[in-house]
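The structure under discussion appears below in the form of structure tokens.
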Amino acid sequence: QVQLVESGGGLVQAGGSLRLSCAASGRGFRLSDMGWYRQAPGKQRELVASVTRGGSTSVADSVKGRFTISRDNAENQVYLQMNSLKPEDTAVYFCNCRLYSIVYWGKGTLVTVSS
């Protein structure tokens, strides 16, 4: 069992930055593939960025060059550094963990980007 708690969301002006954190508890973090998803009002949840248990990362085209994902296995944390934020980045951001084909979700943290 893995529990995920996101933090770091808030209100920011366009062009600003935020750093989201996801704290994972339970066993197996080092063996997990981790990801950040987001869901804007009226839209489907979409993958923003992911990092494998081996450390390989990928980001969606819509955030490439602006967002960076990283993980700290010693602290059981995953981070999403978001720079040059745009109003269209406004969404609830969810941390995701995939361990042995079981998927876990956090409750999300709201990011609002004002124009």
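At 1.4 Å probe size, with the rest of the protein present, what percent of the exposed accessible area of region 1-103 is carbon and sulfur atoms?
Carbon and sulfur: 46 percent of the exposed surface of region 1-103.
Hey, what did region 9-115 get for relative contact order, percent, Cα under 8 Å, at least 6 apart? The partial results should precede the final answer.
Values: 234 pairs, mean separation 38.9, N = 107.
Relative contact order for region 9-115 comes out at 36 percent.
Would you please name the GluC sites (Glu not before Pro) within region 23-115 that are DSSP coil residues with at most 15 other C-beta atoms within 10 Å of their C-beta? Numbers along the way, then the final one.
On the way: sites: Glu46, Glu75, Glu88; in loops: Glu75.
Sparse-neighbourhood loop GluC sites (Glu not before Pro): Glu75.
Using the beta-carbon distance between Thr52 and Gln13 and R0 = 41 Å, what value does 1/(1 + (r/R0)^6) give for FRET efficiency, to the nearest 0.05? Please list the in-between numbers first.
Numbers: r = 33 Å, r/R0 = 0.81.
Once the sixth-power term is evaluated, E becomes 0.80.
Going 7 Å from the Cα of Glu88 in the Cα-to-Cβ direction, what parts of region 59-79 have a backbone nitrogen less than 16 Å from that spot?
Within reach of a label on Glu88, which here means backbone N under 16 Å from a point 7 Å along Cα→Cβ, region 59-79 contributes 60-67.
Region 1-102: D in µm²/s via Stokes-Einstein (Kirkwood Rh, Cα pairs, 20 °C, 1.002 mPa s)? Don't jump to the answer; show the numbers that get you there.
On the way: Rh = 13.8 Å.
The estimated diffusion coefficient comes to 155 µm²/s.
Taking R0 as 30 Å, what's the FRET efficiency between Gln3 and Ser115 from their Cβ-Cβ distance, rounded to 0.05? Provide the component values of the computation, followed by the final result.
Numbers: r = 35 Å, r/R0 = 1.17.
Calculated transfer efficiency: 0.30.
For Gln81 and Ala40, compute 0.36 nm times the residue count separating them, minus their Cα-Cα distance, and round to one decimal in nm.
Working: separation 41, 0.36 × 41 = 14.76 nm, distance 1.84 nm.
Working it through step by step, the gained length comes to 12.9 nm.
For the residue pair Ser25 and Tyr100, what label-to-label distance in nm results when each label sits 7 Å from Cα along the Cα-to-beta-carbon direction?
Result for the modelled spin labels: 2.0 nm.
With every protein chain left in place, what is the accessible area per residue of the chain in square angstrom, probe 1.4 Å?
Here the per-residue accessible area is 54 Å².
The values are calculated or read from the model by the stated rules, or taken from the named source; none is laboratory data. Treat the numbers as computed from the prediction; the structure is a model and nothing was measured. Please note: Cβ atoms are built from the backbone with ideal geometry, for glycine as well, and neighbour counts cover all protein chains shown. In case anyone asks, the SASA skips ligands and DNA or RNA and just uses the protein heavy atoms, side chains included. Shrake-Rupley method; radii C 1.70, N 1.55, O 1.52, S 1.80 Å.
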